[in-house]
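Here is the structure we will look at, set down as structure tokens.
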Amino acid sequence: MTQTRQAFAAGSRLFSPARLGPLGLPNRLVMAPLTRNRAAADGVPGELMVAYYAQRASAGLIIAEATTPNAVGQTYPRIPGIHTPAQTAGWRRVGDAVRAAGGRMFLQLQHGGRIGHPDTSGHLPLAPSAVPPPEPLHTATGLQEPVTPRAMTEWDIRSTIADFANAARNAIAAGFEGVEVHSANGLLLHQFLAPNINLRTDAWGGSTEGRIRFTVEVVRAVAEAVGPERVGVRISPGVEVNGVVERDTEELYPVLLAALTELKPVYLHVEYADPDRPGFAALRKAWPGTLIANPRLSREEVAADAGAARGERLLSEGADLIALGRGFIANPDLVERLRTGARLNELRPESMMHVHGPEGYTDYPALATAVA
Ligand SMILES: Cc1cc2nc3c(=O)[nH]c(=O)nc-3n(C[C@H](O)[C@H](O)[C@H](O)COP(=O)(O)O)c2cc1C
């Protein structure tokens, strides 16, 4: 395996420099956004997060984990926010450490919508319509049955859009190179896209144009706040997670991408990018800008270390950058390991989420440490 990977790495484009708008990236490997529940209870990133991200600064780009633009948008306990001065100051310490270690960072902005609970956020969750999620949720008081969210009023929608713009300004003030608007994985923006959750009959629902409107208006507001060259967008077409059921992806996503193209965000980030399915080629054709592809490997593929090969294949099919998630959790120096064909650390899935200490977070060794 190691020999094959060394031979492969020698000619791989994964390790060639790239441009992302005004930014120069030393390689094409992106650390995908990864929720790790290690912020303080008030959403402030602390020293543990500073150490974790600085360890991973050799990624071409880090997209830091889902971070809430307001209190009601919090999904799970110990998720960071970027709507208070203390949270923004905490993120500045993270960004300073990453830059000092030679890295670059975007911050993912995520509103959970109906994926949230009053025991965690202190608020009744908001969603496009009053449709509860299908499964119990991790909350500050343990696993709890979901609650029925409140359908957003026009005022809720407008003020949430303003919160995203404000969070983006805070992120730039904290020193991030840009922000990623999270319109994937069954969270608020994706809930607006999904016909089984968005049952609205006003201008924010119904037709394809109605259902894409919230994502488009969030991206527009964020791009106006910080400049489109500092804004990326993440989507996961057709992925049935957090109770989203999308049966109209072939109709909806081309319309969404056409509307987003006019706003000129610096990248589109596609989850579950599979070069063997027609959807990927269609997305590549529909998106004129930088495309980040996240292959989303099976557990077996992660264990068999298939990330680099899948990434290379996606580059040859038109992707510009490759995002990997679990590989970066287990390997702070993933880029170096893939480049040299070195063995990868074994992932410890039990410490990925909903636990709070350094175990499984900052204690995965880098090569030099592992050898020592
Ligand atoms: C522990 C964990 C946390 C995640 N948190 C986020 C997140 O905050 N935002 C997001 O868009 N995706 C999140 N994802 C999805 C990852 O960004 C990525 O799409 C996924 O892990 C597939 O990539 P991989 O096969 O390289 O791991 C998470 C995945 C994992 C395993």
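In nm, to one decimal, how far is the residue 281 label point from the residue 353 one, both placed 7 Å along Cα→Cβ? Result: 3.3 nm between the two label points. Counting only DSSP beta bridges with both residues in the chain, the antiparallel share comes to about 15 percent.
Using per-residue counts of other Cβ atoms within 10 Å, averaged over each peptide, order 199-209, 337-347 from highest down. Mind showing how you got there, number by number?
Details: 199-209: 14.1, 337-347: 18.5.
With the highest mean Cβ count within 10 Å placed first, the list reads 337-347, 199-209.
According to the calculation over all Cα-Cα pairs in the range 80-205, the P(r) per 5 Å bin from zero is 2, 11, 17, 19, 17, 15, 10, 6, 2, 0, 0 %. The distance between label points at residue 155 and residue 300 comes to 5.5 nm (points 7 Å beyond Cα on the Cα→Cβ vector).
Taking every C-alpha pair closer than 8 Å and separated by at least 6 residues, the mean separation divided by the residue count of the chain gives a relative contact order of 17 percent. Considering Cα pairs under 8 angstrom that are at least six residues apart, work out the relative contact order of the range 1-133 and quote it in whole percent. Relative contact order for the range 1-133 comes out at 24 percent.
Could you size up the charge dipole of the range 24-172 around its Cα centre, putting +1 on the beta carbon of Lys and Arg and -1 on that of Asp and Glu, and report it in debye to the nearest 20? Don't jump to the answer; show the numbers that get you there.
On the way: 13 positive and 10 negative charges, 121 e Å.
With only Lys, Arg, Asp and Glu charged at Cβ, the dipole is about 580 debye.
Magnitude of the charge dipole for the chain, about its Cα centre and with charges confined to Cβ atoms of Lys, Arg (+1) and Asp, Glu (-1), is about 800 debye.
Structural descriptor for the range 238-340: relative contact order 22 percent, calculated from alpha carbon pairs under 8 angstrom and at least 6 residues apart.
At the listed q of 0.06, 0.07, 0.11, 0.14 Å⁻¹, the Debye profile of the chain, built from one uniform point per Cα, gives log10 I(q)/I(0) equal to -0.20, -0.28, -0.71, -1.20. Between 59, 151, 41, the GNM of the chain built on Cα springs shorter than 10 angstrom shows 41 fluctuating the most. Ignoring any ligand, DNA or RNA, what whole percent of the accessible area of the chain comes from carbon and sulfur when the probe is 1.4 angstrom? Percent of accessible area from carbon and sulfur atoms in the chain: 55. Direction-averaged shadow area of the convex hull around the Cα atoms of the range 321-372, nm²? Across all orientations, the range 321-372 yields a mean hull projection of 4.1 nm².
So, with +1 on the Cβ of K and R and -1 on the Cβ of D and E, and no other charges, what is the size of the charge dipole of the range 199-257 about its Cα centre, to the nearest 20 debye?
Working: 7 positive and 10 negative charges, 37 e Å.
Approximately 180 debye in magnitude.
Per residue, the range 181-337 exposes an accessible area of 36 Å² to a 1.4 Å probe, with every protein chain left in place.
Gain on full extension, evaluated as 0.36 nm per residue between residue 42 and residue 99 minus their Cα-Cα distance, stands at 18.0 nm. Of all DSSP-defined beta bridges confined to the range 1-139, some 30% are antiparallel rather than parallel.
Given N residues in the range 16-68, what is Rg(Cα) / (2.2 N^0.38 Å)? Before the final figure, lay out the partial values.
Working: Rg = 12.9 Å, N = 53, 2.2 N^0.38 = 9.9 Å.
The range 16-68 yields a ratio of 1.29.
The values are calculated or read from the model by the stated rules, or taken from the named source; none is laboratory data. Predicted model only: the values in this text are computed from it and were never measured. Neighbour counts are summed over all protein chains in view; Cβ atoms, including those assigned to glycine, are modelled from backbone coordinates with ideal geometry. Just the protein is used for accessible areas: all its heavy atoms, side chains included, with ligands, DNA and RNA removed. Shrake-Rupley method; radii C 1.70, N 1.55, O 1.52, S 1.80 Å.
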